[in-house]
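Following: one structure in structure tokens, then a few remarks.
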Amino acid sequence: MSEPENQKKSQFIAGIICPNIAFSNSFAEDRLAETIRLGEAINLDIVYTEVTKIRQINAGNFFNKGTIARLAEIVKLHNLELIIMDANLTPVQQRNLEKSLNVKIIDRTALILEIFGERAQTKEGSLQVELAHLTYQRSRLVRSWTHLERQRGGAGFLGGPGETQIELDRRIIDDKITKIKTALEKIKQTRGLQRRARQKVPYPIVALVGYTNAGKSTLFNYLTKSDVFAKDMLFATLDPSMRRLKLPSGREIILSDTVGFISDLPHELIMAFRATLEEVLEADIIIQVIDASGANSKQQREDVIEVLHSLGLEHIEHQKDYIEVYNKIDLLENKPKNPNNRNLYLSAKTGEGCVELLHTIDKILSLSHQTIAITINAGNGELLAWLYRNTEIISQIIKEDKIHLTIKISSSDKQKLDKKLSSD
């Protein structure tokens with residue numbers, strides 16, 4: 001297996017087991033490929049992978065005795081130090097498998113949390129990851145792992161039974177959780193103040209969401225001419241980014257890039273990152289970016305919608321303020337044409353189709369606007385500038401010392417304009 005570019009020193013010699021219970025064979029292979037990429041994201045040296053068909057999950061050991069015996073031989077043969085189970089294990093299953101196989105085991109939730117722990121950059125992101133770690137660990141205080149202990153610090157799962165996993169009792173973890181929630185609440189209040197400040201100059205918010213590695217950050221960078229970290233890797237974006245963007249009509253919006261979603265996203269992360277996703281909940285338009293070149297794009301779309309539903313955005317896929325953008329058409333041999341304004345095809349890498357997306361955003365924002373005619377004094381440059389920032393100018397005629405305008409304006413801005421006109 002080729003190593004990723006700029007790979008750091010490998011942490012563990014690892015194997016990946018993908019249990020195939022209810023999946024089709026092709027879907028199970030896709031899940032395995034995704035889990036390999038997740039493992040590579042934290043520089044694991046993955047030397048063995050397999051899809052394991054099982055008829056029924058064993059409550060105590062996950063696998064039956066025959067499968068466990070076979071896996072034990074594989075562990076010895078490949079000198080595995082870690083096994084990633086592409087499933088969500090109970091504490092009992094994890095403990096028993098570690099005893100039987102004599103190797104450290106982490107499940108899908110722990111793997112994703114480990115990646116988040118390494119990637120979070122901001123104070124808020126780090127606190128949210130730590131909160132998710134502690135919430136997950138709270139039910140797993142009793143651990144049996146004694147072999148290959150490695151003290152690595154932090155709240156990770158790959159460092160052996162350090163202080164965070166064994167020595168901390170429930171009371172200490174609860175105290176930490178309380179302190180983190182208090183700190184996050186302060187950050188949330190600060191964001192609320194920033195949001196209210198924005199409302200004084202009310203730019204509509206357009207949020208990019210999508211499965212991890214769908215190309216959200218690349219699209220964000222292309223549209224806003226920014227340099228947010230974007231790479232062909234899972235979870236390249238963990239901390240949200242926001243930039244101001246001018247649409248073809250002249251209207252200005254705030255574009256928000258968000259953390260990538262993934263199938264079976266850990267419940268702890270959905271709750272912990274709820275504050276980060278507040279911009280999505282309050283967005284005027286939500287754009288789901290989908291990898292058009294991916295073999296599993298349909299399922300990934302459904303996974304994202306499921307998470308949006310869990311956040312309280314029920315039936316979002318049927319709303320007028322929701323757009324689906326199929327990205328990476330530069331990788332397709334036969335490029336599809338845009339069927340309608342709710343499903344757009346584009347390439348964030350080449351820019352093809354991006355102008356059409358901006359026009360679509362403009363159209364949706366205009367749906368709730370009313371068209372009115374107004375007349376202002378020609379010398380009122382401040383009011384004219386405000387109109388250009390906050391409305392869509394349809395026509396402008398200058399006669400003597402008056403400017404006659406036809407504009408499209410939102411109801412909230414109409415109230416502000418009325419106040420300005422009364423003092424003009």
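The residue that is modelled with the highest pLDDT, counting only those in the stretch 236-289 that are in contact with a Gly (Cβ under 7 Å, 6 or more places away or on another chain) and in a loop (DSSP other than H, G, I, E, B), is G260. Pairs linking a residue in the stretch 87-99 that is under 23 Å from L32 (Cβ atoms) to a residue that is assigned to a helix (DSSP H, G or I), with Cβ atoms under 7 Å and 6 or more positions apart or on different chains, are A87/R108; N88/R108; N88/T109.
Scanning the stretch 369-394 for residues that are surrounded by 13 or more Cβ atoms within 10 Å (Cβ to Cβ) and touching a Ser or Thr at 6+ places or on another chain (Cβ under 7 Å) yields H369, E392, I394. Would the stretch 52-68 turn up any residue that is at pLDDT below 95, under 30 Å from the mean Cα position of the chain (by Cα) and closer than 25 Å to G294 by Cβ? Scanning the stretch 52-68 turns up at least one residue that is at pLDDT below 95, under 30 Å from the mean Cα position of the chain (by Cα) and closer than 25 Å to G294 by Cβ. Given E306, E302, E314, E324, which one is under 19 Å from D362 (Cα atoms) and free of Cβ contacts under 8 Å to residues at least 60 places away in the same chain? Checking each option against the conditions leaves just E324. Screening N338 on (1) modelled with pLDDT of 85 or more; (2) out of contact with any Ser or Thr (no Cβ under 7 Å at 6 or more places or on another chain); (3) in the same structural domain as G250 (by TED's automatic domain parsing) shows it passes everything except condition (1). Among the residues of the stretch 224-233, is any closer than 30 Å to Y345 by Cα, at pLDDT 85 or above and touching a Pro at 6+ places or on another chain (Cβ under 7 Å)? Scanning the stretch 224-233, I find no residue that is closer than 30 Å to Y345 by Cα, at pLDDT 85 or above and touching a Pro at 6+ places or on another chain (Cβ under 7 Å), so the answer is no.
Among the residues of the stretch 59-75, is any among the hydroxyl-bearing types (S, T, Y), part of a helix (DSSP H, G or I) and surrounded by fewer than 20 Cβ atoms within 10 Å (Cβ to Cβ)? Looking through the stretch 59-75, at least one residue is among the hydroxyl-bearing types (S, T, Y), part of a helix (DSSP H, G or I) and surrounded by fewer than 20 Cβ atoms within 10 Å (Cβ to Cβ).
Counting just the residues of the stretch 375-392 that are out of contact with any helix residue (DSSP H, G or I) (no Cβ under 7 Å at 6 or more places or on another chain) and outside any helix (DSSP H, G or I), which one comes out nearest to E252 (Cα to Cα)? Only one residue tops the list, namely N380. Report yes if some residue within the stretch 403-422 is assigned to a loop (DSSP other than H, G, I, E, B) and without any contact (Cβ under 8 Å) to a residue 40 or more places away in the chain; otherwise report no. Within the stretch 403-422, not a single residue is assigned to a loop (DSSP other than H, G, I, E, B) and without any contact (Cβ under 8 Å) to a residue 40 or more places away in the chain. Residues in the stretch 76-93 that are surrounded by 21 or more Cβ atoms within 10 Å (Cβ to Cβ) and part of a helix (DSSP H, G or I): Q93 only.
If you go through the stretch 302-351 and keep only what is assigned to a strand (DSSP E or B) and over 18 Å from G215 (Cα atoms), you end up with just N340. The criterion of at least 3 residues that are under 30 Å from V75 (Cβ atoms) and modelled with pLDDT of 70 or more is met by the following helices (runs of 4 or more DSSP H) wholly inside the stretch 95-204: 108-119, 123-137.
The values are calculated or read from the model by the stated rules, or taken from the named source; none is laboratory data. Everything numeric in this text was worked out from a predicted model, so none of it was measured. Here the Cβ is made from the backbone with ideal geometry for all residues, glycine too, and neighbour counts use every protein chain on show.
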